[in-house]
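This report concerns only the one structure given below.
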Amino acid sequence: MGKDFFAGEVLYFNKPIGWTSFDLVNRFRYKLSRKLDVKKIKVGHAGTLDPLATGVMILCTGRATKRIDEFQYQTKEYVATLKLGETTPSFDLEKEIDAVYPTDHITCDLVEETLKRFVGSIEQIPPMFSAVKVNGRRAYKFARKGREVELKAKTLVIDELELLECDLPVIKIRVVCSKGTYIRALARDIGEALDSGAHLIALERTRIGEVTLEKCLSAEDIDSFLDNIEIETKENI
């Protein structure tokens, strides 16, 4: 049985660092269109990842793009690396460090205790450098022009928050959370809760629902994947 990309297929990819989510969609759509010898085919993704993040991305083609909301609402898991004692305007490495804070008072035990405060239902203000809409425009468009806008807090659910490594001032955490959670904003809030600052220095999405990294193709696999599968053409539908 061949793949029918017009009727709809769901594919799992490990997004590379430095790529936007759209870069991955665009690359796959271009290669798929050439393979099918068509000018246009629908390809969308479920759950944006920042360019500096890696990990699980679900791509849907054809009529399967109607399932995007279904995947977006599934629980997500991340492994995040935070640098304590320093902040950036973007809460990650996109922008330069803008402030430095004390970290001498922070211990691994204090980190463990502080993380417990973020498990369950929490209020989170999204980052300015995000795709959240303000008066119909994306927040990052205001941020990149140096304009301050007020973003409203959103209610989110953190199901699990585990300290994986503690090599102060760097910590690595595992986060299981609901749709709409900004891990960069969580890093900011953890830093503040520790009476210091923090920003994200690495982020990997390890799971969406039941889809784990082990089930994902790499971007480099696109050509060989398309070359080695039987494809239903538009005329077969």
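Extending 7 Å from Cα along the Cβ direction at THR212 and again at ILE41 yields two label points whose distance is 3.0 nm. With contacts defined as alpha carbon pairs under 8 Å and 6 or more residues apart, what's the relative contact order of the chain in percent? Value for the chain: 30 percent.
Among the cysteines of the chain, those with no neighbouring cysteine Cβ under 4.7 Å are CYS60, CYS177, CYS216.
Residues of region 104-129 with an amide N closer than 20 Å to a point placed 7 Å from the Cα of ASP159 along the Cα-to-Cβ direction: 115-124. Taking the fewest neighbouring Cβ atoms within 10 Å as the starting point, the ordered list for PHE5, PHE22 is PHE22, PHE5. Hydrodynamic estimate: the Kirkwood radius of region 1-54 over Cα pairs, inserted into Stokes-Einstein at 25 °C and 0.890 mPa s, corresponds to D of 202 µm²/s.
Placing a pseudo-label 7 Å from each Cα along the Cα-to-Cβ vector at ASP167 and ASP23 gives an inter-label distance of 2.6 nm.
Under the criterion of Cα pairs below 8 Å and six or more residues apart, the relative contact order for region 1-122 equals 23 percent.
With all distinct Cα pairs included, what does the Kirkwood hydrodynamic radius of region 167-237 come out to in Å, to one decimal, could you say? One over the average 1/r among Cα pairs gives 16.0 Å for region 167-237.
Taking other C-beta atoms within 10 Å as the exposure proxy, HIS45, HIS199 rank HIS45, HIS199 from fewest upward.
Going from the fewest other Cβ atoms within 10 Å to the most, the residues CYS216, CYS108 appear in the order CYS108, CYS216.
Read the figures in this text as sums done on the coordinates, not as results from a lab. Note that the structure is a prediction, hence the values are computed from the model and not measured. All Cβ positions, glycine included, derive from the backbone under ideal geometry; neighbour counts span all protein chains shown.
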